[in-house]
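Student: Submitted below is the structure of interest, expressed as C-alpha cells.
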Amino acid sequence: MLKIKIGKGEKGYPVYLHHGLLHNGGLLLKHHFAGGPFLLVTDKNVFSPYGEICTQSMRQNGFKPYMVVLEGGEKDKTLQSAFKLYGEALKAGLDRKSFVVALGGGVIGDLAGFVAATYMRGIPFVQIPTTLLAMVDSSVGGKVGVNHPQGKNIIGAFYQPSLVLADLETLKTLPRRELAAGLAELFKYGIILESSLFYQIEFFLKDSFFELGSSTFQKLVAQAVLTKGKVVTVDEKETNFRRILNFGHTIGHALESATSYNYYLHGEAVAIGMMAATYLSVKLKILKSKDACRILKLLERLNPPLPPAGLNTAEVLQALYSDKKKDSGKLVFVLPSAIGKGVFYKSPPLAEIREVVEKYLYQRPGNEISDLG
C-alpha cells in the first residue's frame, strides 16, 4: 500500500493508494476517528458494487454509517442536494465530532465535502474516490462546492479532507468513457507540470488505455497525486501558482456550462479545453509546433466527443466570459509553453479564442495536427 502525504502540519493528510483498499477502509478510519455515527454519501452507480463492502468494514471497526444514495451526475451538485444532506446529518445525530464520507466520483466528493465544510461550521470528511478523475484530481486539494445555473462550482470552499482512500480495484468496473475522462486529468499533470510523467504516459499507453492492475499504472496514479499535492501545498487557496491546474478548464468549463452540464463528462470537456489551449499557445507563438503535435496526438487518443448538434460559438463564448476564474474582469488562460511547462496568459485576443473554439465546434481539434508540423 502506498501512502502519500499531502500538505504540511495540521492541514496535512494521507492519501492511501492500493488494490482492494475498501475491505480495510474501517481499519484505516479507526486510525483517524473514534467510532460512532457518520454520514456516507454515494450514488446509485457506486452503491451497488461498493456500498456494502465499504459499510461492512466500517461497522466491524465500531462505526455507524448513515448512508444517503443519490441519483448521480452533475444534476446532484446543487444547494438543494446539500440541504437534503444537512437534514440527513441531523436525523443521524451528527455533531462536531462526527464526519462525512464521500464514496464516489468528483460530484459526490465535491458535494459531500461542501456539506462537511458548512455543517455546524465544519466537520471532518473523508474522500473515497471510485473514478480515476476523482483519484488523481478532485479528491486531493480541498476544493469542494456545488454548481449554480450560471456557472460551475460558483458556490464552494477550500476545505481539506482528513484522509483519502483510493482503491484501484474500483476502476475495473468503470466504463471506458469514464476512464478516458480520468486519463485526461492525469495527462494534464504531464503536459503542464511534469515532463517525466508525460514521457512515461507516451511510452506505457497502449491502445488509449493502461493495464489497470499493473504496478506501472499504480505508479503513474501515485505520481499524478504527488504532483498535485506539491502544487496545492504551495498554494492551497489558488491565489497564484495553483491556477496552473486550470489548464484546459477555461474552455472546458464553458463547454459544460453551455450544454447545461448534461452532455460532457468533466474530463472530456477538459481534454477538449487542453487541445484548444494548445492550439492557442501555438497561435500566440508560445509553444513550438513539434511539442504541440506530441500533446495533441496524446490527447486525441482519448477520443473526446464531437460537439452536440446545435451548439454554437456565441453560446460557448458567453459561458466563457462568465467563468469565475477571471482576474480583474479579464480571462486568464493556462497555456503550455513546452512539454511539462505552462504559463499564464491574460486576455488573449477574442479573435484567437473564437478561432480555436470554432476549430472544435466545426472542425474538431486534433484532425489537423499536421498543420502544425
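The values are calculated or read from the model by the stated rules, or taken from the named source; none is laboratory data. Computed from a prediction, not measured in an experiment: that's the story for all the values here. Neighbour counts run over all protein chains shown; Cβ positions are idealised from the backbone, glycine included.
Student: If we scan the range 75-85, do we find a residue that is of a type in the set (Asp, Glu) and in a strand (DSSP E or B)?
Tutor: No: the range 75-85 contains no residue that is of a type in the set (Asp, Glu) and in a strand (DSSP E or B).
Student: So which of 155, 191 ends up being surrounded by 14 or more Cβ atoms within 10 Å (Cβ to Cβ), in contact with a strand residue (DSSP E or B) (Cβ under 8 Å, 6 or more places away or on another chain) and not in a helix (DSSP H, G or I)?
Tutor: Every option except 155 fails the conditions.
Student: Test residue 174 against the stated conditions and say whether it is surrounded by fewer than 20 Cβ atoms within 10 Å (Cβ to Cβ), under 27 Å from residue 275 (Cβ atoms) and among the hydrophobic types (A, V, I, L, M, F, W, C).
Tutor: yes
Student: Which residue pairs have Cβ atoms closer than 9 Å, lie 6 or more positions apart in sequence or on different chains, and pair a first residue in the range 226-239 that is assigned by TED's automatic domain parsing to the domain that holds residue 7 and buried (at least 17 other Cβ atoms within 10 Å of the Cβ) with a second residue that is among the small types (Gly, Ala, Ser) and part of a helix (DSSP H, G or I)?
Tutor: Pairs found: none.
Student: Scan the range 328-361 for residues that are of a type in the set (Ser, Thr, Tyr) and modelled with pLDDT under 90 and report the count.
Tutor: The number of residues fulfilling the criteria is 1.
Student: Quick check: anything in the range 4-14 part of a strand (DSSP E or B), within 23 Å of residue 229 (Cβ to Cβ) and either polar (S, T, N, Q) or in contact with a Lys or Arg (Cβ under 7 Å, 6 or more places away or on another chain) (or both)?
Tutor: Yes: the range 4-14 contains one or more residues that are part of a strand (DSSP E or B), within 23 Å of residue 229 (Cβ to Cβ) and either polar (S, T, N, Q) or in contact with a Lys or Arg (Cβ under 7 Å, 6 or more places away or on another chain) (or both).
Student: Now, a different point. Can you go through 123, 128 and tell me which one is in a loop (DSSP other than H, G, I, E, B) and modelled with pLDDT of 95 or more?
Tutor: 123
Student: Also, I was wondering about something else. For the range 24-56, how many residues meet the condition of being under 13 Å from residue 163 (Cβ atoms) and exposed (fewer than 14 other Cβ atoms within 10 Å of the Cβ)?
Tutor: Adding up the residues that qualify gives 3.
Student: Right, here's the next one. From 140, 136, 68, which residue is touching a residue at least 60 places away in the same chain (Cβ under 8 Å) and closer than 21 Å to residue 33 by Cα?
Tutor: The conditions single out 140.
Student: Against the definition (surrounded by fewer than 23 Cβ atoms within 10 Å (Cβ to Cβ), of a type in the set (A, V, I, L, M) and outside the structural domain of residue 223 (by TED's automatic domain parsing)), how does residue 21 come out, yes or no?
Tutor: Judged against the criteria, residue 21 is a match.
Student: Tell me, which helices (runs of 4 or more DSSP H) wholly within the range 262-327 include 1 or more residues that are touching a Pro at 6+ places or on another chain (Cβ under 7 Å) and either modelled with pLDDT under 95 or crowded, with 22+ Cβ neighbours inside 10 Å (or both)?
Tutor: Helices (runs of 4 or more DSSP H) meeting the threshold: 266-283, 289-300.
Student: What about residue 96, is it charged (D, E, K, R), outside any loop (DSSP other than H, G, I, E, B), touching a helix residue (DSSP H, G or I) at 6+ places or on another chain (Cβ under 8 Å) and in the same structural domain as residue 165 (by TED's automatic domain parsing)?
Tutor: no
Student: Might you check whether a residue that is out of contact with any Asp or Glu (no Cβ under 8 Å at 6 or more places or on another chain) and outside any helix (DSSP H, G or I) occurs anywhere in the range 106-113?
Tutor: No, that holds for no residue.
Student: Within the range 44-64, identify whether any single residue is under 20 Å from residue 169 (Cα atoms), out of contact with any Pro (no Cβ under 7 Å at 6 or more places or on another chain) and outside any helix (DSSP H, G or I), and answer yes or no.
Tutor: no
Student: Condition first: assigned to a loop (DSSP other than H, G, I, E, B) and either in contact (Cβ under 8 Å) with a residue 24 or more places away in the chain or crowded, with 22+ Cβ neighbours inside 10 Å (or both). Now tell me which residues in the range 240-261 satisfy that.
Tutor: Of everything in the range 240-261, those that are assigned to a loop (DSSP other than H, G, I, E, B) and either in contact (Cβ under 8 Å) with a residue 24 or more places away in the chain or crowded, with 22+ Cβ neighbours inside 10 Å (or both) turn out to be 247, 248, 259, 261.
Student: Pairs needed: first member in the range 194-213, within 25 Å of residue 20 (Cα to Cα); second member anywhere, exposed (fewer than 14 other Cβ atoms within 10 Å of the Cβ) and modelled with pLDDT under 85; C-beta distance under 9 Å; at least 6 residues apart or different chains.
Tutor: Final answer for the pair search is 204/211; 204/214.
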